[in-house]
Amino acid sequence: MKFTSVFDIIGPVMVGPSSSHTAGAGRIGKAARNFLGAEPTWAKIHLYGSFAKTYKGHGTDFALVGGLLGFETDDTRMSKALEIAKDKNIDIQFIEDTAATEHPNTARIIVGNDKDEIEVIGISIGGGKIEIIELNGFSLRLSGDHPALLIMHNDRFGAIATVTSILAKHKINIGHMEVNRKDKGEEALMVIEMDQNVDEALLQELRETDHIVKITKLES
Amino acid sequence: MFRTVSELIEQANKENIQISEIMIRQEMELKERSRESVIAEMERNLEVMENAIEQSLQGVRSVTGLTGGDAVLIQNYMNNHTPLSGTILLDAVSKAMGTNEVNAAMGIICATPTAGSAGCVPGALFAVKNQLHPTREQMINFLFTAGAFGFVVANNAFISGAAGGCQAEVGSAGAMAAAAIVEMAGGTPEQSAEAFAMTLKNMLGLVCDPVAGLVEVPCVKRNAGGVSLAIVSADLALAGVKSRIPCDEVIGAMYRIGQTMPVTLRETGEGGLADTPTGRFLRDKIFGNLA
């Protein structure tokens with residue numbers, strides 16, 4: 001089921017005007033910021049479908065940028081996000097894309113700073129709820145409702161077992177897990193949704209294991 | 001966990017509790033939260049709704065100037081005339097439109113189920129309150145009941161205009177309000193479902209055609225339609241009128257209609273009222289002639 005909470009239906013509390021185009025867009029932006037793990041210095045934002053057609057009137061542009069700045073949906077600074085980003089010298093580009101997408105409210109955000117760069121595709125599925133469907137070219141389904149670990153690793157035997165056994169040792173329960181790879185033996189991505197946030201010690205233990213390239217922690 | 005309206009009702013009858021209680025218990029169980037924290041979050045949403053209605057009576061105006069001030073006009077009219085449609089109905093209309101005027105003016109609202117349709121549930125609640133005199137707890141329960149029905153729609157069909165047209169937004173919102181009114185007025189879970197079905201039936205096929213792509217025209221006034229149908233359908237259900245087509249089948253029909261709706265009528269601002277001479281004129285006036 002896509003919607004699991006009554007507060008997905010009665011909520012979120014938000015600054016208008018559109019839950020799909022403003023609140024949902026804000027959450028996609030915030031997810032991109034979390035994946036990058038820092039405030040970006042630049043962003044290229046591709047908009048598709050209804051997002052591309054109506055983003056100026058709906059404030060989808062400022063909401064996406066508000067999310068990149070780390071604002072929540074009810075932050076009253078939201079409508080000033082474009083100006084705030086400009087003051088911080090964050091370079092933002094919007095591209096109205098015409099490619100066909102699976103969902104009418106789709107955004108592709110390529111965002112980075114001097115150290116790092118990531119690409120996220122998010123969809124806004126109604127009432128402010130979102131799904132992240134792609135990260136750095138890997139397909140996934142992530143709602144952002146639960147704490148999660150995104151682990152880039154090399155596609156080798158034992159890599160997954162090592163990670164899950166470390167989680168088990170720390171008594172962390174896995175709620176949902178997806179494994180995805182570009183090709184046999186190539187770069188791969190583990191997406192692990194958990195019931196609780198994990199601490200730095202556990203992350204350090206994961207980092208020290210073989211075949212792990214990068215770990216991103218998403219809190220909720 | 002319930003997936004359909006019939007499961008929801010079966011569960012309520014089996015345990016002899018209200019629909020709102022089923023929703024509260026499910027939230028506690030699935031999200032591992034205490035009753036207090038679940039209720040407190042809903043109470044905060046109720047406060048946001050109340051504040052938005054208050055704010056609308058100060059006379060808000062959107063940045064474009066397309067909407068705002070109508071809630072005040074209606075309240076003034078009600079003070080000087082006996083409204084033909086009845087005091088509660090028109091009061092609900094003014095509060096539903098007022099909420100959406102605040103939304104269009106980028107004020108703070110509670111999306112119910114979406115921002116564009118955020119007026120129906122609070123409009124209904126704060127209007128029927130004057131006759132039913134609910135406790136604060138009953139007002140919070142009103143939102144859980146509305147949420148339970150919205151939960152079924154969101155998981156079996158859709159609640160966004162871009163996905164399913166305005167029938168998915170104001171249609172769902174009005175129907176959720178109707179079901180909640182019935183519970184507050186002392187009706188049975190079955191009667192809530194009948195009221196829901198009758199409201200949504202009257203919204204089937206409703207397109208999402210925002211002028212200039214904005215959540216203003218026709219959205220604000222469509223909340224007036226949604227809340228009116230909610231109150232009428234609640235009365236029908238309380239009178240014992242039943243929907244010939246069961247509630248879950250109406251939701252299924254809404255889903256299939258939305259899927260076959262052309263993209264121009266699903267929140268792209270390219271068809272319907274958006275594509276009238278005045279709609280195009282307003283778009284060009286607001287955004288400059290892009291064509």
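The values are calculated or read from the model by the stated rules, or taken from the named source; none is laboratory data. As the structure is a prediction and not an experimental result, all values here were calculated from the model. Note: ideal-geometry Cβ built from the backbone for every residue, glycine included; neighbour counts use all protein chains shown. These area figures cover heavy atoms from the full protein model, side chains too; ligands, DNA and RNA do not enter into them. Shrake-Rupley method; radii C 1.70, N 1.55, O 1.52, S 1.80 Å.
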Q.
I'd like to verify a number: residues in the range B:243-259 that are out of contact with any Leu (no Cβ under 9 Å at 6 or more places or on another chain) and not in a loop (DSSP other than H, G, I, E, B), how many?
A. 7
Q: Considering only the range B:40-72, state which residues are in contact with a helix residue (DSSP H, G or I) (Cβ under 6 Å, 6 or more places away or on another chain), farther than 12 Å from residue B:98 by Cβ and more than 10 Å from chain A (Cβ to nearest Cβ).
A: B:43
Q.
If I filter the range A:73-83 for residues that are surrounded by fewer than 19 Cβ atoms within 10 Å (Cβ to Cβ), over 13 Å from the mean Cα position of the chain (by Cα) and of a type in the set (Lys, Arg), do I get at least one hit?
A. yes
Q: State whether the residues of the range B:77-98 include one that is under 11 Å from residue B:49 (Cα atoms) and in contact with a strand residue (DSSP E or B) (Cβ under 8 Å, 6 or more places away or on another chain).
A: no
**Q.** So residue A:143, is it farther than 25 Å from residue A:199 by Cα and among the polar types (S, T, N, Q)
**A.** no
Q: With respect to residue B:252, determine if the residue is on the phi > 0 side of the Ramachandran plot and open to solvent by less than 70 Å² (accessible area, probe 1.4 Å).
A: no
Q: Find the strands (runs of 3 or more DSSP E) located wholly in the range A:1-101 whose residues include 1 or more that are facing chain B (nearest Cβ under 7 Å), and list them.
A: A:13-15
(Q) Looking only at the range B:149-165, how many residues end up being surrounded by 22 or more Cβ atoms within 10 Å (Cβ to Cβ), more than 7 Å from every other protein chain (Cβ to nearest Cβ) and not aromatic (Phe, Trp, Tyr)? (A) 6
Q. From the list B:202, B:223, which one is closer than 28 Å to residue B:88 by Cβ and open to solvent by 60 Å² or more (accessible area, probe 1.4 Å)?
A. B:202
**Q.** Members of the range B:219-277 found to be over 14 Å from residue B:175 (Cβ atoms) and hydrophobic (A, V, I, L, M, F, W, C), listed by number
**A.** B:219, B:220, B:224, B:238, B:239, B:241, B:257, B:261, B:263, B:265, B:273, B:274
Q: For residues that are assigned to a loop (DSSP other than H, G, I, E, B) and basic (Lys, Arg), scanning just the range A:146-178, find the one that is modelled with the highest pLDDT.
A: A:171
Q.
If residue B:169 satisfies all but one of (1) within 9 Å of chain A (Cβ to nearest Cβ); (2) over 13 Å from the mean Cα position of the chain (by Cα); (3) open to solvent by 10 Å² or more (accessible area, probe 1.4 Å), what's the number of the condition it fails?
A. (2)
Q. Taking the stated definitions as given, is residue B:52 under 30 Å from residue B:283 (Cβ atoms) and of a type outside the set (Lys, Arg)?
A. yes
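Yes or no, residue by residue, for (1) over 18 Å from the mean Cα position of the chain (by Cα); (2) within 14 Å of chain B (Cβ to nearest Cβ); (3) closer than 23 Å to residue A:36 by Cβ; (4) open to solvent by less than 10 Å² (accessible area, probe 1.4 Å):
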| position | (1), (2), (3), (4) |
| --- | --- |
| A:112 | no, no, yes, yes |
| A:138 | no, no, yes, yes |
| A:141 | no, no, yes, no |
| A:156 | yes, no, no, no |
| A:181 | yes, no, yes, no |
| A:189 | no, no, yes, yes |
| A:202 | yes, no, yes, yes |
| A:219 | no, no, yes, no |
Q. Which residues, taken from the range A:179-209, are β-branched (Val, Ile, Thr) and not in a strand (DSSP E or B)?
A. A:198, A:209
Q) Considering the range B:192-217 alone, what residues qualify as being closer than 19 Å to residue A:59 by Cβ and within 15 Å of the chain's Cα centre (by Cα)? A) B:208, B:215
Q: Please state which one of B:96, B:111, B:124, B:115 is away from every other protein chain (no Cβ under 14 Å), open to solvent by less than 30 Å² (accessible area, probe 1.4 Å) and under 24 Å from residue B:171 (Cβ atoms).
A: B:96
Q) Taking the range A:118-156 only, how many residues are closer than 14 Å to residue A:190 by Cβ and out of contact with any helix residue (DSSP H, G or I) (no Cβ under 9 Å at 6 or more places or on another chain)? A) 9
Q) Among (1) among the acidic types (Asp, Glu); (2) surrounded by 15 or more Cβ atoms within 10 Å (Cβ to Cβ); (3) more than 20 Å from residue A:13 (Cβ to Cβ); (4) within 11 Å of chain A (Cβ to nearest Cβ), which single condition is residue B:21 missing? A) (4)
Q) Condition test on residue B:190, is it within 13 Å of chain A (Cβ to nearest Cβ) and open to solvent by 10 Å² or more (accessible area, probe 1.4 Å)? A) no
**Q.** Looking only at the range B:247-275, and only at residues there that are among the β-branched types (Val, Ile, Thr) and more than 14 Å from chain A (Cβ to nearest Cβ), the one that is farthest from the chain's Cα centre (by Cα)
**A.** B:260
(Q) Can you find a residue that is surrounded by fewer than 22 Cβ atoms within 10 Å (Cβ to Cβ) and free of Cβ contacts under 8 Å to residues at least 24 places away in the same chain anywhere in the range A:8-26? (A) no
Q) Can you name the residue in the range A:165-179 that is out of contact with any helix residue (DSSP H, G or I) (no Cβ under 9 Å at 6 or more places or on another chain) and open to solvent by 70 Å² or more (accessible area, probe 1.4 Å) and is also farthest from residue A:205 (Cα to Cα) among such residues? A) A:176
